[in-house]
1. Which order do peptides 52-61, 187-196 fall in by mean Cβ count within 10 Å, highest first?
2. Using the Cα centre of the chain as origin and beta-carbon charges of +1 (Lys, Arg) and -1 (Asp, Glu), tell me which of Phe225, Val66, Ala200 is placed farthest towards the positive end of the dipole.
3. Run through the DSSP bridge list for the range 85-236 and note the antiparallel percent, rounded to the nearest 5.
4. Just going by the charge dipole of the range 116-175, with Lys and Arg at +1 and Asp and Glu at -1 on Cβ, which of Trp142, Pro128, Ala173 is farthest out on the positive end?
5. Express the accessible area of the chain per residue in Å², computed with a 1.4 Å probe while the remaining protein chains stay in the model.
6. Working out 0.36 nm times the residue gap between Asn151 and Arg131, then minus their Cα-Cα distance, what length gain in nm do you get to one decimal?
7. Give the shape of the chain as rounded, prolate or oblate, defined through the alpha-carbon gyration tensor: a ≥ b ≥ c are the square roots of its eigenvalues, a/c under 1.5 means rounded, and otherwise the shape is prolate if a/b is larger than b/c and oblate if not.
8. Working from the pairwise distances between different alpha carbons, so that the mean of 1/r is found and then inverted, what is the range 123-230's Kirkwood radius in Å?
Amino acid sequence: MARLVIVLLTLVLVAGVFLAGLKQQWWPVPRHWNPFMALHLDDPITPVTRWKLRRLGDRPEACGAVLNTAPEGALDALPLEDYTPVESCPLTNVVRVRSTVVAFNNSFVARCPLVAAWSLYERRRLQPLAREYFDQPVAEVWHYGTFACRNIYHREDDRRSDHATASALDVAAFSLADGTRVSVRDHWDDEGEKGAFLHAAFDGACGLFGTALGPDYNAAHADHFHFGLRGFGICR
């Protein structure tokens, strides 16, 4: 028993020294693996990325600094003051997104960490997949918006939706550089490259966004992907 206690104490001590080393930069740990270093939008995605994104929820200045790390021309977003567009649904730490590397069918207001997550997803997952399957990038994303002051599934007695705080983006379709359209509603069950691309694009969102829901989850998501902040790697 005494030996076990000594082993456990030793492991705790080693872990403490290791974490202290990360924080003080005693060892050259890459930024994207170091939980104590700020997130950059050109970083590779690692298991630490999701944790860094979660930390930005109540830190507008830190999140704004993260958005400023986007490569030139990769993000056109305007920080907004906190406001309440609809009674009982205040919006905090939000920005208006006009474009990223892609164009959008409409600009939208979203929580800053959601925009950071989307930028990482687009750069590290979506565009590489588009080039893999179609040999060209996604040029435009069609979405159903982010903000809706409501409970989930519009149920009066249920919890608030992620959309009530602009913390989720509903993605309906992608347009490629040559104009080809890939739609969740029309092509999710497609047995060709469009269907394969959509499944890969959805899988690529899992673990980066807090919640990723698609057509296999329920009928309410038959025509779009729901990418939200709530949760920790929910993928259905």
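The values are calculated or read from the model by the stated rules, or taken from the named source; none is laboratory data. Quick caveat: nothing in here was measured; it's all calculated off a predicted structure. All Cβ positions, even for glycine, are placed from backbone atoms using ideal geometry, and neighbour counts span all protein chains on display. Heavy atoms of the whole protein, side chains included, go into the accessibility calculation; ligands, DNA and RNA do not. Shrake-Rupley method; radii C 1.70, N 1.55, O 1.52, S 1.80 Å.
1. Details: 52-61: 17.1, 187-196: 14.6.
Order by mean packing, descending: 52-61, 187-196.
2. Selected residue: Val66.
3. 80
4. Pro128
5. 52
6. 3.5 nm
7. Judged from the Cα gyration tensor, the chain comes out prolate (a/c at least 1.5, a/b above b/c).
8. Across the range 123-230, the inverse of the average 1/r is 14.3 Å.
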